[in-house]
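In what follows, a single structure is set out as structure tokens and then discussed.
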Amino acid sequence: MLRKLTLWALMFALLPALAFGGTTGKISGRVVDKATKEPLPGVNVVIVGTEMGAATDENGFYVILNVPVGTYAIRAQYIGYQTTTIENIRVHANRTTNVNFELEQTVIEGKEVTIVAERPLIQKNVTNTVKTVQAEDLENLPIRAGVTTVMNLSSAVVGGTHVRGGRSDENVAYIDGIMTTRLRDGATNVLSVIHNAVEEAEFQEGGFEAEYGFANAGVLIATTKTGGPKLSGSVELISDEVFKGKDDKFLGIQTWGYNTYTATLGGPVPGTKGKARYFLAAERVYNGGYASFFEGFKLDTVLTWGNPGTPEYREFPFKIDLKGGRWPGYSFRGNTFNGNIVYNLRPVRIKIGGTYHGDRRQGAGTWNNFWNYWKNGVTKSWNASAYIRVTHQLNPRMFYTANLNYFIYRDEWGDPDLWDRIELYGDPDYNIGPDGRTALRGWGRTYSLSLFGLLNPVPPGQVMSWYGKQEQVNYGPKFDLVWQFNDFNELKTGLEYNYYTVRRYYVNAMAVSLGLHDREVDSTNTKTDYDIFRNNVFHYGYNIWGEKVNTNTMYDVTDQTGKIVKENGHDAPKHPVRAAYYIQDKIELKDLILNAGLRFDYLTSGTPAYKNSKRLHISSTGLVADDSFTKERRYFIVSPRLGWSFPVTDQTVFHAQFGKFVQMPRLDDLYDSHSLVGRFLQGGNARTMPNPNLKPERTVQYEVGLKQQIGSNASIGITAFYKDIKDYIQIRVQIPEPGYGYASFFE
């Protein structure tokens with residue numbers, strides 16, 4: 001017994017975790033006699049090729065819980081009746097798939113009936129608006145956009161991320177149950193999943209169940225493939241450089257240097273007798289260094305800012321060709337790996353998996369593309385996730401799932417040559433372009449270059465003067481319990497805890513390097529590093545030099561009298577928390593589906609709040625004084641959810657939904673750099689400042705909809721919704737109270 005307890009303790013200590021969403025579904029139905037329509041008790045219903053199954057009760061009802069997303073064949077066997085198999089049964093995450101059998105009596109043993117099910121055009125047990133894309137759908141699309149494709153296929157989404165009029169940061173994404181949303185700006189596409197590794201992607205446009213939270217608009221749920229009972233794999237190559245080089249044309253089409261190499265492999269693990277299966281996918285994407293550009297314009301009709309609408313003529317000593325359609329200076333190189341292994345030890349199933357993605361990309365822009373493409377900025381990104389999920393089937397109608405996961409996202413960007421050597425950004429000796437010209441400071445140039453003006457087209461090379469990096473690490477456990485306590489009632493409850501560590505750093509490297517140079521050549525210059533960096537660095541989780549820190553740093557700072565004193569930099573990383581408990585009940589009757597739930601969210605800002613933003617004290621060193629801060633904001637919020645669906649006819653389904661939703665603001669709107677706040681408050685410059693006192697944004701949404709099947713190949717859905725939004729973030733002018741000597745600012 002002690003040994004078993006130790007094993008379980010080790011499983012739960014292997015990895016930390018973040019939020020986990022459902023990745024399995026349910027199959028249920030009834031088995032009756034084909035002639036009499038009487039229920040048949042004791043019928044064995046199994047999923048072919050697996051060890052999953054159930055027996056019917058006295059009412060002929062059966063249910064198979066915790067079925068991984070995928071396509072299956074379901075078989076019903078009963079003595080004295082023909083064995084019947086229904087193929088092409090699709091199981092979706094968090095949904096019930098109804099499979100009913102009518103068995104025919106027979107006196108010939110071994111006779112079997114096989115039925116191929118058709119894909120239903122209307123999901124009758126869905127109580128909100130849902131868009132689902134399966135693996136075969138992704139394969140048939142003309143683009144390779146991955147799991148975010150399902151969002152773009154929805155009519156409720158504008159611009160790829162704006163759902164029903166919401167902002168781009170109001171969505172949340174679950175990949176294999178891992179919540180991968182980037183808190184800094186709300187981006188949902190930060191975890192890379194290989195196109196060929198996606199089993200299913202689902203997007204809920206609103207009215208999602210109590211299990212899901214931390215979003216006001218939409219929820220994206222994606223599940224990756226797992227290994228099958230037989231060894232299988234695939235290799236795919238996509239390239240536009242097969243027949244011609246990068247400088248030629250083939251069939252009138254130019255090559256852009258695009259190449260994608262993808263391979264997958266999955267099947268049973270040798271030596272495990274089929275109990276363990278694995279799936280691996282790898283992808284390499286390479287874009288050879290060209291970007292599309294507009295057709296061009298005539299140089300004798302270029303317009304200038306000074307006199308818009310009037311042509312200004314210039315003579316040029318050389319030829320400029322804007323008709324080529326391609327410009328160098330853009331490239332993308334990325335590597336992605338997805339994988340998992342499932343070990344089935346009935347009644348326990350263990351799944352371990354993860355992802356990795358790393359890329360290097362050099363951007364292209366109108367400004368630099370003309371003369372300075374070799375200095376286009378470079379960004380290096382990588383993200384990784386790992387998880388372990390243990391599912392224990394307590395009995396045929398109850399199971400629980402315990403999850404431990406980890407997710408990290410990191411970005412770094414800067415000049416392609418100088419990168420993080422900040423002291424060199426202003427040194428001409430280290431900034432020589434391919435034509436021998438040196439890079440002078442951007443604000444010292446004597447030319448104008450934009451879409452509307454083109455003057456003096458022989459400028460020196462311009463260095464990218466910004467260097468920066470950011471990092472987000474998430475971990476925390478989640479536990480779920482599912483209980484089918486009668487034929488039509490499923491209860492689900494769970495809790496989750498997500499702990500974040502967030503860091504961000506960017507510096508105006510050109511300005512800082514010039515300040516360091518001034519101190520080197522002037523022996524009377526007594527400025528400290530902090531004095532030079534403070535006005536040009538945004539940082540938390542890193543000190544002013546870009547080094548990781550876990551606590552606040554004490555700096556040498558020059559005060560108003562010229563004396564060097566110690567000052568708290570308030571640059572420790574931020575640690576917001578997202579935690580929740582939920583309970584929901586799904587009632588599935590013949591003519592009514594009811595989904596009722598309650599969610600309890602615990603949210604923290606992860607940063608000290610202002611006591612009063614109109615009464616900020618400025619210290620002698622020009623920083624916001626410590627006595628202006630108080631403890632971080634914490635919120636406990638209750639959100640009810642209710643949805644129902646019922647068929648009007650066998651081809652018409654009505655649904656309605658009501659729910660309250662809540663999410664914390666973007667971290668960009670909460671977190672500021674302590675070194676910059678005092679500068680802008682005292683300098684009188686207009687600036688939009690983050691506000692650590694912001695409350696969670698809340699939405700109350702009502703939805704009604706109708707789905708109608710048209711013939712055997714088409715359906716149409718019409719949905720109307722109403723949203724009531726509170727504590728929505730807006731910009732306002734903050735005017736200090738009399739006696740506080742700093743400028744007004746925006747927040």
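Every read-out reported here was derived from the displayed coordinates using simple, explicitly stated rules and does not represent laboratory data. As the structure is a prediction and not an experimental result, all values here were calculated from the model. Because the Cβ atoms are built from the backbone with ideal geometry, glycine has one as well, and the counts that use them run over all protein chains shown.
Given the Cα-Cα distance of residue 466 and residue 726 and 0.36 nm per residue of separation, how much length would full extension add, in nm?
89.9 nm
What is the sum of charges around residue 39, taking Lys and Arg as +1, Asp and Glu as -1, for the other residues whose C-beta is under 13 Å from the C-beta of residue 39?
Around residue 39, the surrounding residues sum to -3.
For the residue pair residue 35 and residue 410, what label-to-label distance in nm results when each label sits 7 Å from Cα along the Cα-to-beta-carbon direction?
7.2
Note down the magnitude of the dipole of region 127-225 about its Cα centre, charges +1 on Lys and Arg C-beta and -1 on Asp and Glu C-beta and zero elsewhere, to the nearest 20 debye.
360
What ranking do 43-50, 54-61 get when scored by the average of other Cβ atoms within 10 Å per residue, highest first?
Top to bottom by mean Cβ count within 10 Å: 43-50, 54-61.
Got a sec? Charge dipole of region 127-225, +1 on Cβ for Lys and Arg, -1 for Asp and Glu; which of 212, 154, 187 is way out at the positive end?
Among 212, 154, 187, the one farthest towards the positive end of the dipole of region 127-225 is 187.
Roughly how many nanometres apart are two label points built 7 Å out from the Cα toward the Cβ at residue 273 and residue 59?
Output for this residue pair reads 3.8 nm.
Roughly what would the spin-label model give for residue 495 and residue 114, points 7 Å off Cα along C-beta, in nm?
5.0
What does the charge count around residue 122 come to, taking other residues whose C-beta lies under 11 Å from its C-beta (Lys +1, Arg +1, Asp -1, Glu -1)?
+2
Report the gain in length on full extension from residue 143 to residue 590: 0.36 nm times residue separation, minus Cα-Cα distance, nm rounded to one decimal. Walk me through the numbers before you get to the answer.
Numbers: separation 447, 0.36 × 447 = 160.92 nm, distance 3.99 nm.
Here the answer is 156.9 nm.
Within region 45-88, which residues have the backbone N less than 14 Å from the label spot 7 Å out from residue 486 along Cα→beta-carbon, could you tell me?
Only 59 fall inside the zone, counting backbone N under 14 Å.
In the structure shown, do any of 492/548; 111/586; 37/111; 131/351 have a Cα-Cα gap over 31 Å, and if so which? All intermediate terms of the calculation are to be shown ahead of the outcome.
Numbers: 492/548 42 Å; 111/586 38 Å; 37/111 21 Å; 131/351 27 Å.
In this structure, 492/548; 111/586 exceed 31 Å between Cα atoms.
Cross-link list 124/225; 478/695; 469/695; 380/469; 230/275: which exceed 19 angstrom alpha carbon to alpha carbon?
With Cα atoms farther than 19 Å apart: 124/225; 478/695; 469/695.
Just subtract the alpha-carbon distance of residue 106 and residue 397 from 0.36 nm times their residue separation and send over the number in nm, one decimal.
Separation in residues times 0.36 nm, less the Cα-Cα distance, equals 101.6 nm.
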